[in-house]
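Participant: I have a structure I would like to understand better, so I am pasting it below and will then ask my questions one at a time.
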Amino acid sequence: MMIRKQDGFTLVELMITMLIFILVIVAAGNIFSGLLNQFKQQSRIAESNIEGIVGLELLRTDLEQAGFGNPWDMGGVAYTEVPLGSDGENYNDAPGGEPRPILIGNNVVATVNAADELVIKATNVATSDVSQRFSYVINQGTTWLVQKWNTPAEDLVDRDYVIVTRPVLGTRNRLLVNGGAFYTQFDDTPVSFPPTYRPPQNSYDTYLVYGIKPFDGNIPIMPFNRADYFISNTTGAVPSRCAGVDPVTRVSPWTGVLVKSVIQNSTAAGSGQRGAGLPILDCVADLQVVLSMDNDEDGAVDGYTDDLTGLSAENIRNRVKEIRVYVLAHEGQRDLNFTFNNFTGACATCLRVGEFGMGRDLDISVIPNYLNYRWKVYTLAATPRNLR
């Protein structure tokens, strides 16, 4: 009987084989880890870009609508805006001033990196459906017609709070119609308004109607709506991927979230306070606003400014030609394999946020690990279409 020798692997051979497998696995793991990190970075960058497109388009829309529906002549009516001692009181026109459609808080110390704040006043800058609606009432001799568009999304709803303005009265324009209050309510049965808010009989006049607030049992406090844009770093609100964020409190003194906060136009709790911010863009380090101006009111741009102090609502309407907004933020999250070197400001670690000698150079070297972020300045230009 023949016995065949059946030798196995030696311990040394097994150890060598295992070592080779381990080296191959480690190498594959490193490649996979690098690909995964790259995928994560690109996903975050894409997310930032999508946020920038969607959020900044919302801002652009509000800029173009600045002044929409605002009365030009208050007719002596008093109203309430932001309570004294609260955020945003410096932008008040209350108790009886004509609402200025655009206002800038230039390098506000209390904000992230002392960035700008932007305030827009218009009936349609609020987020409610009612604030997007408008109509008109026409006198036809002894009867009145209130325009309905026969589109549910566009038609006023019973008891909606509205303001009514008279386009022209002698030399006065966009006069707020005052029937004992600056507001009235739409009546859907029949389609009408109280007599005070209708054009006089046999005048064949037209009054303009703008929705400002839905019916909820609390009356409005302003004959317009107001949206404040600023950088917020409220506790817990800043994404953990943003530069300088504390992992526990999720607060950063250097970056925050650009938000749109609509002032509560109601006598309900929180009356006149800034509402919960609607996020526009994450990881923002600076916001600067520059206006193209026609200072001599001849129709041509002849200067730029980032400060509207001292200008009346009429000055702003006649002189502001274009609003340019600059937002400094970083794309994605921190990347240890990336070193930022595209500095555009006057100092070695500064980024230029603004143009035409306006805005500023922001030194980002105070931000922890600032070189490991992809910084970008978003530039948004809009022509306000409702000032004149």
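The values are calculated or read from the model by the stated rules, or taken from the named source; none is laboratory data. Quantities reported herein were computed from a predicted structural model and do not represent experimental measurements. Backbone-built Cβ (ideal geometry, glycine too); neighbour counts: all protein chains shown.
Participant: Keeping to the stretch 100-135, report how many residues are in contact (Cβ under 8 Å) with a residue 24 or more places away in the chain, surrounded by fewer than 16 Cβ atoms within 10 Å (Cβ to Cβ) and of a type outside the set (S, T, N, Q).
Facilitator: 1
Participant: Also, quick follow-up: So which of ASP302, ASP294 is in the same structural domain as TYR373 (by TED's automatic domain parsing) and in contact with a helix residue (DSSP H, G or I) (Cβ under 7 Å, 6 or more places away or on another chain)?
Facilitator: Result: ASP294 is the single residue among ASP302, ASP294 that is in the same structural domain as TYR373 (by TED's automatic domain parsing) and in contact with a helix residue (DSSP H, G or I) (Cβ under 7 Å, 6 or more places away or on another chain).
Table: residues versus (1) under 24 Å from ASP286 (Cα atoms); (2) of a type outside the set (Asp, Glu); (3) modelled with pLDDT of 95 or more.
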site: PRO83; (1), (2), (3): no, yes, no
site: GLU89; (1), (2), (3): yes, no, no
site: ILE102; (1), (2), (3): yes, yes, yes
site: VAL119; (1), (2), (3): yes, yes, yes
site: GLU154; (1), (2), (3): no, no, no
site: VAL157; (1), (2), (3): no, yes, no
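Participant: Please go through the stretch 311-351 and pick out each residue that is under 24 Å from the mean Cα position of the chain (by Cα) and free of Cβ contacts under 8 Å to residues at least 24 places away in the same chain.
Facilitator: ASN315
Participant: Follow-up. I'd like to know if the stretch 274-296 contains one or more residues that are under 20 Å from ASN92 (Cβ atoms), touching a strand residue (DSSP E or B) at 6+ places or on another chain (Cβ under 7 Å) and not in a strand (DSSP E or B).
Facilitator: yes
Participant: Which of the residues that make up the stretch 352-375 are more than 23 Å from SER292 (Cα to Cα) and either among the β-branched types (Val, Ile, Thr) or in contact (Cβ under 8 Å) with a residue 24 or more places away in the chain (or both)?
Facilitator: Passing the criteria: ILE364, VAL366, ILE367, PRO368, ASN369, TYR370, LEU371, ASN372, TYR373, ARG374, TRP375.
Participant: I need the full set of residues from the stretch 192-222 which are polar (S, T, N, Q), farther than 23 Å from THR80 by Cβ and in a loop (DSSP other than H, G, I, E, B), in order please.
Facilitator: GLN201, ASN202, SER203
Participant: Residues being among the charged types (D, E, K, R) and either touching an Asp or Glu at 6+ places or on another chain (Cβ under 7 Å) or not assigned by TED's automatic domain parsing to the domain that holds VAL209 (or both): count how many of those fall in the stretch 144-165.
Facilitator: Total meeting the criteria: 2.
Participant: From (1) surrounded by 10 or more Cβ atoms within 10 Å (Cβ to Cβ); (2) at pLDDT below 95; (3) in the same structural domain as ARG374 (by TED's automatic domain parsing), pick out the condition that doesn't hold for LEU14.
Facilitator: (3)
One line per residue, one yes/no per condition, for (1) in contact with a Ser or Thr (Cβ under 9 Å, 6 or more places away or on another chain); (2) of a type outside the set (S, T, N, Q):
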{"site": "VAL112", "(1), (2)": "yes, yes"}
{"site": "VAL119", "(1), (2)": "no, yes"}
{"site": "ALA126", "(1), (2)": "no, yes"}
{"site": "VAL130", "(1), (2)": "no, yes"}
{"site": "ILE138", "(1), (2)": "yes, yes"}
{"site": "THR142", "(1), (2)": "no, no"}
{"site": "TYR161", "(1), (2)": "yes, yes"}
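Participant: Only one of (1) more than 22 Å from the chain's Cα centre (by Cα); (2) surrounded by 20 or more Cβ atoms within 10 Å (Cβ to Cβ); (3) modelled with pLDDT of 95 or more fails for TYR197. Which number is that?
Facilitator: It is condition (3) that TYR197 fails.
Participant: Sticking with this structure for a sec: Give me the residue from the stretch 169-191 that is assigned to a loop (DSSP other than H, G, I, E, B) and of a type in the set (Val, Ile, Thr) and, out of that set, modelled with the highest pLDDT.
Facilitator: Only one residue tops the list, namely VAL177.
Participant: With the checklist (1) in contact with a strand residue (DSSP E or B) (Cβ under 7 Å, 6 or more places away or on another chain); (2) crowded, with 22+ Cβ neighbours inside 10 Å in hand, flag the one item GLY88 doesn't pass.
Facilitator: For GLY88, the failing item is (2).
Participant: Out of (1) at pLDDT 95 or above; (2) outside the structural domain of ASN124 (by TED's automatic domain parsing), the odd one out for LEU387 is which?
Facilitator: Going through the list (1) at pLDDT 95 or above; (2) outside the structural domain of ASN124 (by TED's automatic domain parsing), LEU387 breaks only (1).
Participant: Okay, moving on. Failed condition for ALA381, given (1) of a type in the set (A, V, I, L, M); (2) surrounded by 16 or more Cβ atoms within 10 Å (Cβ to Cβ); (3) not in a loop (DSSP other than H, G, I, E, B), with all others met?
Facilitator: (2)
Participant: Going by what's in this entry, would ARG226 be described as surrounded by 15 or more Cβ atoms within 10 Å (Cβ to Cβ), more than 22 Å from LEU118 (Cα to Cα) and in contact (Cβ under 8 Å) with a residue 60 or more places away in the chain?
Facilitator: Considered against the rule, which asks whether it is surrounded by 15 or more Cβ atoms within 10 Å (Cβ to Cβ), more than 22 Å from LEU118 (Cα to Cα) and in contact (Cβ under 8 Å) with a residue 60 or more places away in the chain, ARG226 comes out as no.
Participant: Something else now. State all residues of the stretch 234-263 that are in a loop (DSSP other than H, G, I, E, B), surrounded by 23 or more Cβ atoms within 10 Å (Cβ to Cβ) and not hydrophobic (A, V, I, L, M, F, W, C); if no residue qualifies, say none.
Facilitator: Answer for the stretch 234-263, where residues must be in a loop (DSSP other than H, G, I, E, B), surrounded by 23 or more Cβ atoms within 10 Å (Cβ to Cβ) and not hydrophobic (A, V, I, L, M, F, W, C): just THR255.
Participant: What's the total number of residues in the stretch 237-285 that are farther than 19 Å from HIS330 by Cα and more than 16 Å from the chain's Cα centre (by Cα)?
Facilitator: Residues in the stretch 237-285 being farther than 19 Å from HIS330 by Cα and more than 16 Å from the chain's Cα centre (by Cα): 11 in total.
Participant: Okay, next question. Output the residue which, of all residues in the stretch 297-308 that are of a type outside the set (Gly, Ala, Ser) and assigned to a loop (DSSP other than H, G, I, E, B), is surrounded by the most Cβ atoms within 10 Å (Cβ to Cβ).
Facilitator: Residue satisfying both the conditions and the ranking: LEU308.
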